[in-house]
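Shown next, in structure tokens, is the structure this report addresses.
The values are calculated or read from the model by the stated rules, or taken from the named source; none is laboratory data. Model, not experiment: these values are computed from the prediction. Neighbour counts are summed over all protein chains in view; Cβ atoms, including those assigned to glycine, are modelled from backbone coordinates with ideal geometry.
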């Protein structure tokens, strides 16, 4: 079964500046940023809840609770700097399949509680919530709460907060391919019509720009099956900080690091020119010395 859902385009409107609401330490970092080069889309792999709890000799569920608190701090900073899109890897398909059932059940209760407790804060911050992933496989009571939160924030025009839930990038691509195959079967699409744009239109994120910046907490150097198609040219920032200790300040520091990089998209962006080899014989072998 294909879980790709067609959506109306989600495009945040321009909101009045709320930079003055940033805490003093966040304002200090923000003043160092080039506001003309802020990313449109930041995606975060939130990792380290269990290790945070383990370091404190606490139960894992307390790490997850603290991680849920960290979410709202980061979301509020995103809304104050008018970041158009923030995507958080909240619960992977692999989590659902491989974690103990008791932990999965707790995470589902925590998700429901997070949505119930924070929708008002989202509305206060003009944040709109949405989801990507095979969400139809989540418990019905969780889906009900998700729909309620999405409808309750649908009129907001600021940051679009996307939670990746029961999400896996390979599964997303499989779902996109299934959608293409169904249209070919029904005569709506020909083989020659299939290109990158056609696949992109079938992804869960079809109405969003690809992430400019991927942040991973906890120091792990891997992508963990997150937005594999969309991050082909994203900048990656890894911090050793565990997710429950991550705050809006640290997201701003990641953006500052991002602005020090040069994004070339496969081209030459450093001012150099390509060597002119047009006059060389076709059989010339170039051997470095």
Item to check | Count of residues meeting criterion [in a helix (DSSP H, G or I) and surrounded by fewer than 20 Cβ atoms within 10 Å (Cβ to Cβ)] in segment 235-262 | outcome: 6
Checklist entry - Does residue 166 meet the test of being more than 19 Å from residue 205 (Cβ to Cβ), buried (at least 16 other Cβ atoms within 10 Å of the Cβ) and touching a residue at least 60 places away in the same chain (Cβ under 8 Å)? => result no
Checklist entry - Which condition breaks for residue 67 when tested against (1) within 25 Å of residue 252 (Cα to Cα); (2) within 19 Å of the chain's Cα centre (by Cα); (3) surrounded by fewer than 18 Cβ atoms within 10 Å (Cβ to Cβ)? => result (3)
Checklist outcome for this item: Condition set within 21 Å of residue 162 (Cβ to Cβ) and surrounded by fewer than 21 Cβ atoms within 10 Å (Cβ to Cβ), scope segment 26-46, selection farthest from the chain's Cα centre (by Cα): answer is 38
Next on the checklist: Can you find a residue that is surrounded by fewer than 18 Cβ atoms within 10 Å (Cβ to Cβ), modelled with pLDDT of 95 or more and over 30 Å from residue 106 (Cα atoms) anywhere in segment 75-83?
Outcome noted: no
Next on the checklist: Yes or no: segment 115-132 includes at least one residue that is closer than 19 Å to residue 225 by Cα and either at pLDDT 95 or above or surrounded by 17 or more Cβ atoms within 10 Å (Cβ to Cβ) (or both).
Outcome noted: yes
